[in-house]
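Have a look at the structure below, then the notes.
Bear in mind these aren't lab numbers, they're just calculated from the coordinates by the rules spelled out. Keep in mind that this is a model prediction, so the values were computed, not measured. Heads up, the Cβs are rebuilt from the backbone with ideal geometry, glycines too, and the neighbour counts pull from every protein chain shown.
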Amino acid sequence: MAVTRVPVPMQDCELRTNQVDVPLPQLGEVSHHRHRANLVAGGKRTIDVELLGIRIGDFVLITFPGELTVRIGLNIKGESPHDLTFVAGYTNGYIYYAPTAEQLRNVGGAQEDSDCLLAPAWQSLFENRAAEMLRKL
């Protein structure tokens, strides 16, 4: 079993508001906006998340505390040296939607694409760390 903490970059609150052509809820109206505002007010520009990798026989599991998209799960499985690799979201916390970098450019197109704490760089950080963990299991 392997456990690691990864600091993933957050969206910039002001930049996020300026990118959207449709009105966003005011900070504080939605729980994740409050969460982001509290982190930024405390001087944080990243969110520390816990990843867990575990192998039981041929079964391998990687976890992430957000709502991952299918594309990210498939990317992780594709890089895994293990045939029976599974990816689980909503584990060891919850940091809301975790869309791909490409989906984050679809601001206003779908809630899960644009209603997010994470900056686009989060995806490569997570996928690279998950691949490292899988190679060690």
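Treating r as the C-beta distance of Arg105 and Leu74 and R0 as 22 Å, the FRET efficiency rounds to 0.70. Straightening the chain between Ile54 and Asn92 buys 12.3 nm, computed as 0.36 nm per residue apart minus the Cα-Cα spacing.
Dividing the Cα radius of gyration of segment 57-101 by its Kirkwood radius returns 0.99 for Rg/Rh.
With a Förster radius of 22 Å applied to the C-beta separation of Val3 and Asp83, the computed FRET efficiency comes to 0.45.
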